[in-house]
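The values are calculated or read from the model by the stated rules, or taken from the named source; none is laboratory data. The shown structure was predicted, so the numbers you read here are calculated from the model rather than taken from an experiment. Note that we place each Cβ from the backbone using ideal geometry, even for glycine, and neighbour counts take in every protein chain shown. Quick note on the areas: whole protein, heavy atoms, side chains included, nothing else; ligands and nucleic acids left out. Shrake-Rupley method; radii C 1.70, N 1.55, O 1.52, S 1.80 Å.
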Amino acid sequence: MAKRIIVIGSGIIGASIAWHLAKRGAEVTVIEAGDAGGLATRNSWAWINASWGNPEPYFRLRERSMLEWRKVDREVPGIAVNWCGGLIWDLEPAELDAFAAQHAGWGYGIRRVARQEMLRIEPNLKATPDHAYHVAEEGMLEPLATAQAMVSGAQALGAKLLDHNHVKWLIEDHG
């Protein structure tokens, strides 16, 4: 007998949980107070990376997450991750170079690029420093469209969506 699961909220997290559970055979019902995609997800931006000043264990978690996003990008119809890479330059030069050396030492595909290459990668930059670092494996996605695609994917696997339903409380009765 399939596990029966209720997911409250269909933002990026709820949608992902619903899709992953439905993929594994659970009987999923998603309850959403508004439209599919949730509220916070509608007002966010999603960069898929393992950059920024985190300790190595957190870096490794984010690196694994990048691999999972590549899998989800292939498996969920309608998801469109833009694996465009990322530029990093928002630290003082010495601190930026130390950051890059640390991440390179951890095996991250980070490389130094000069101003000319920065502008080739991102031609709309208005102010560019002398150099930055580029990580080609990073990506971005539109969170609302992604959450909606995951909810649709979960529904294709048998999940039910109850949108415009507010949850006030849950009562457990007989397990």
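Worth pointing out:
- Residue within region 139-156 that is in a loop (DSSP other than H, G, I, E, B) and not β-branched (Val, Ile, Thr) present: yes
- Candidates in region 108-124 are the residues that are assigned to a loop (DSSP other than H, G, I, E, B) and touching a residue at least 12 places away in the same chain (Cβ under 8 Å); of these, the one that is farthest from ASN54 (Cα to Cα) is GLU122.
- Residue ID - nearest to VAL135 (Cα to Cα), chosen from residues in region 71-104 that are β-branched (Val, Ile, Thr) and in a loop (DSSP other than H, G, I, E, B): VAL81
- Within region 93-116, being farther than 17 Å from ARG62 by Cβ and either open to solvent by 50 Å² or more (accessible area, probe 1.4 Å) or at pLDDT below 95 (or both) holds for PRO93, ALA94, GLU95, LEU96, ASP97, ALA98, ALA101, ARG111, ARG112, ALA114, ARG115, GLN116.
- Checking each residue in region 17-52 for being of a type in the set (Val, Ile, Thr) and touching a Phe, Trp or Tyr at 6+ places or on another chain (Cβ under 6 Å) picks out only ILE48.
- Test for ALA127: is it free of Cβ contacts under 8 Å to residues at least 12 places away in the same chain, hydrophobic (A, V, I, L, M, F, W, C), surrounded by fewer than 17 Cβ atoms within 10 Å (Cβ to Cβ) and closer than 29 Å to CYS84 by Cα: yes
- Filter result for ASN82 (under 29 Å from ALA154 (Cα atoms) and either among the polar types (S, T, N, Q) or touching a Phe, Trp or Tyr at 6+ places or on another chain (Cβ under 7 Å) (or both)): yes
- Residues within region 1-47 that are open to solvent by less than 80 Å² (accessible area, probe 1.4 Å) and in contact with a Lys or Arg (Cβ under 6 Å, 6 or more places away or on another chain), tallied: 2
- Yes/no for ASP90 being at negative phi, among the acidic types (Asp, Glu), open to solvent by 20 Å² or more (accessible area, probe 1.4 Å) and in contact with a Lys or Arg (Cβ under 8 Å, 6 or more places away or on another chain): no
- Check on GLU68, touching a residue at least 12 places away in the same chain (Cβ under 8 Å), part of a helix (DSSP H, G or I) and acidic (Asp, Glu): no
- Candidate set: region 137-172, residues that are touching a helix residue (DSSP H, G or I) at 6+ places or on another chain (Cβ under 6 Å), closer than 21 Å to TRP45 by Cα and of a type in the set (A, V, I, L, M); chosen: the one most open to solvent (accessible area, probe 1.4 Å): LEU144
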